[in-house]
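Just so it is clear, none of the values below were taken in a lab; they were calculated from the coordinates. What you see is a predicted model, and the numbers here were worked out from it, not measured in a lab. Note that each Cβ is placed from the backbone with ideal geometry, even for glycine, and that neighbours are counted across all protein chains shown.
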Amino acid sequence: MAVAETGASLFAPLLEERTRLIKVLVRPNESLEAALRRFKRQCNYGGVFRMAKANSWHEKRSDKRRRERRERLRTIQKATRKNDPKRKRGRKRSMRSPRMGRDSREARPSAA
C-alpha cells in the first residue's frame, strides 16, 4: 500500500497529460489570424492533435504494443538508412535518349 501512503495515484501520468494547457497571448499589433496560427502550431508540436486522434477510439493493449513496435522499427530503419556510409548521395541519371516530345515531332519530316 505504498501508493496510498504517499498519496500518489496510479493515474497521475494520465491526468498530467490531460491538464496540459496551451496558452497564446496576442501580442500588440498582432492580427488574430497570426495568433491563431501560433496556437495551431503549438498544438501540433505539443501533440494535442495526435492525442485527440489516439483517444477517439479504443485500441486494444496488444494492438497498441504492435503499433508502437512497428513505429520503433520504422524509426530505427530510417536512422540506419540515413547514417549508412555506403548510401549514394545523388540521383542516378539514365543514359537513355530523351523521350520523343513535341520538339522531336516537329523536326521529323512528315509523310504527307
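Values for this structure:
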read-out	value
Y45-R70 FRET efficiency (beta carbon distance; Förster radius 30 Å; 0.05 resolution)	0.80
Eligible lysines near K86 by straight Cα distance, threshold 30 Å, same-chain separation 8 or greater	K78
In nm, spacing of pseudo-spin labels at K23 and R38 (7 Å Cα→C-beta vector)	1.3
